[in-house]
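We did not get these values from a lab; they are worked out from the coordinates using the rules stated. Computed from a predicted structure; not experimentally measured. Note that we place each Cβ from the backbone using ideal geometry, even for glycine, and neighbour counts take in every protein chain shown.
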Amino acid sequence: MEYDVVIIGGGIAGLTASLYLARLKVDTLLISIDLGGQLNNAVKLHNYPGFDGEKGIELVRRIVELVQELGIEILIDEVILLEKVNGKFYVTTRSGEKFTSKVLILAMGKVPIRLAVPGEEKFRGRGVSYCILCDAPITIGRKVAMVSYGHRVLGYLEILRKYASEIYLVSPKPNAGLSREELEHIISQGIHVVDRAKIKKLEGRNRLESIILEREGLEIQLKVDMLFVELGYTTATDILRDFVKLNERGEVIIDKYCQTSVEGVFAAGDITDIPYKQAIVAAGQGAIAALSAYRYLKSRGMQTS
Ligand SMILES: Cc1cc2nc3c(=O)[nH]c(=O)nc-3n(C[C@H](O)[C@H](O)[C@H](O)COP(=O)(O)OP(=O)(O)OC[C@H]3O[C@@H](n4cnc5c(N)ncnc54)[C@H](O)[C@@H]3O)c2cc1C
């Protein structure tokens, strides 16, 4: 089957792109492993204008309802191969389907790096969060821990200090990967630092209640109400390695039009090298990518269906 545009990824970036293209009457196929992506994990979505504190999955439900109303074609499948031959794009899925298109929009998102310890899955959304920017407001008066290292720690602590009553910084690195001055500064702010520590497991009944750490051969139990895992993100960009230019973090490099290094390929959302991984940013980029795709098709005299 041939389309004007194939969008890969049904998170908020890909879904927003599909809404714009549907309204522009561009023949579009959206292929995704699931619909909603990371938003499905946001227990309370914050910082999305007009939608604050509700479940991310509710926003997904509303967008998908609109997507269905507009008749956007969706295939639930995983894209495993992308090729460009004679200016045309060939998309192969895990179930063996093949599609061609004039334009591609990459919106495969990012996944936070997990601890991979017992209890992590059980308490995800019940005391374990991967997004300080999103969930810091629910820590008012609470005792929290953050596992992280390096300079990202300083920005996150600045946000957490506005809400939490007691903060533990647990870090696998010596001095949490900070300079001596930075470390002294955060300790003077009342932050407890446990460096060179490895989280072994998370415990609790219905919610997270404590973290079991190992430090210099000793096991330590830390009682906390919340744990923020801020170890960075990984990209799902393996299939893009020899296809578009990626930065050192594996993110797709784009310009202000969401154009990638390959003509006719646009990218949007957390998969890109934009520094802020937020729903509103991903949605905005989805819109830009769709409008740029439309402009690209028109400027090359390509007939849209
Ligand atoms: C727990 C949590 C809470 C959050 N809370 C907030 C918040 O309160 N406020 C806020 O602004 N942001 C929040 N975020 C961040 C926000 O959810 C993301 O920035 C945003 O959802 C990114 O959207 P995206 O479309 O770029 O990517 P994603 O949501 O990651 O979507 C990518 C999509 O691509 C699909 N996909 C991946 N690879 C393939 C493939 N090969 N083939 C087909 N499909 C593929 C995936 O299945 C998925 O559907 C939170 C994130 C998490 C994890």
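Skipping prolines and chain starts, which residues have an amide H placed within reach, meaning under 5 Å, of the one on Ile113, given they are 5 or more residues away or on another chain?
Here the answer is Leu231, Gly232, Tyr233, Thr234, since their amide H atoms fall under 5 Å of that of Ile113.
Could you tell me which residue out of Ile140, Gly177, Ile191 lies farthest along the dipole of region 128-229 toward its positive end? Charges go on the beta carbon: Lys and Arg +1, Asp and Glu -1, centred on the Cα centre.
The listed residue farthest towards the positive side: Ile140.
Rounded to the nearest 500, what is the chain's calculated 222 nm mean residue ellipticity when only DSSP H runs of at least 4 contribute -39500 (n - 2.57) each, over all residues? It would help to have the intermediate numbers written out before the result.
On the way: 6 runs with 69 residues, N = 305.
Rounded to the nearest 500, the figure is -7000 deg cm²/dmol.
Compare the Cα positions of Thr260, Ala293, Leu227 along the charge dipole of the chain (+1 at Cβ of Lys, Arg; -1 at Cβ of Asp, Glu; about the Cα centre) and return the one farthest towards the positive end.
Final value for the positive-end residue is Leu227.
Once phi is turned into θ = phi - 60°, what whole-Hz ³J(HN,Hα) does the Karplus curve with 6.51, -1.76 and 1.60 give for every residue of region 83-95, x standing for Gly and Pro?
Each residue's phi maps through the Karplus curve to give 9, 10, 10, 6, x, 10, 9, 10, 10, 10, 9, 4, 7 Hz.
Taking the alpha-carbon centroid of each part, what is the distance from region 180-220 to region 21-40 in angstrom?
41 Å
Compute, for the chain, the length of the dipole vector about the Cα centre, with Cβ point charges of +1 (Lys, Arg) and -1 (Asp, Glu) only. Units Debye, rounded to 20.
Values: 39 positive and 38 negative charges, 42 e Å.
My answer is approximately 200 debye.
What chymotrypsin sites (Phe, Trp or Tyr not before Pro) in region 105-151 are in a loop by DSSP, with at most 16 other Cβ atoms within 10 Å of the Cβ? Don't skip to the end; give the middle numbers.
Working: sites: Phe123, Tyr130, Tyr149; in loops: Phe123, Tyr130, Tyr149.
Counting only loop positions with at most 16 other Cβ atoms within 10 Å, none of the chymotrypsin sites (Phe, Trp or Tyr not before Pro) in region 105-151 qualifies.
When Leu21, Leu81 are ordered from fewest to most other Cβ atoms inside 10 Å of their Cβ, what list results?
Listing Leu21, Leu81 from fewest to most nearby Cβ atoms yields Leu81, Leu21.
Report, for the chain, the % of DSSP beta bridges that are antiparallel, rounded to 5. Walk me through the intermediate numbers first.
Numbers: 29 of 62 bridges.
In the chain, approximately 45 percent of DSSP beta bridges are antiparallel ones.
Using unit Cβ charges (K, R positive; D, E negative) and no other charged atoms, how large, in debye to the nearest 20, is the dipole of region 1-115 about its Cα centre? Mind dumping the intermediate values first?
On the way: 13 positive and 14 negative charges, 63 e Å.
The dipole magnitude comes to about 300 debye.
Give me the one-decimal nm value for the distance between modelled label points at Arg196 and Asn175, 7 Å along each residue's Cα-to-Cβ direction.
Going by the 7 Å Cα→Cβ label model, 1.4 nm.
Under the rule of at least 5 residues apart or a separate chain, name every residue whose amide H is placed under 5 Å from the amide H of Val193.
Leu169
For a quick check: sort Val170, Val26 by the number of other beta carbons within 10 angstrom, fewest at the front. Before the final figure, lay out the partial values.
Numbers: Val170 27, Val26 21.
So the ranking, lowest neighbour count to highest, is Val26, Val170.
Two-decimal Rg/Rh of region 128-229 from alpha-carbon positions, Kirkwood Rh? Before the final figure, lay out each step's value.
Working: Rg = 12.7 Å, Rh = 13.6 Å.
Radius of gyration relative to Kirkwood radius: 0.94.
Work out, step by step, the length gained on full extension between Lys44 and His185: first 0.36 nm times the residue separation, then minus their alpha carbon distance; give nm to one decimal.
Numbers: separation 141, 0.36 × 141 = 50.76 nm, distance 3.16 nm.
47.6 nm is the gain from fully extending Lys44 to His185.
Among Phe243, Phe99, rank each residue by its count of other Cβ atoms within 10 Å, from fewest to most, as a rough exposure measure. If you can, show how the numbers build up before the last one.
Numbers: Phe243 20, Phe99 17.
If I rank by nearby Cβ atoms, fewest first, I get Phe99, Phe243.
What Cys residues in the chain have no fellow cysteine's beta-carbon under 4.7 angstrom?
Cys258
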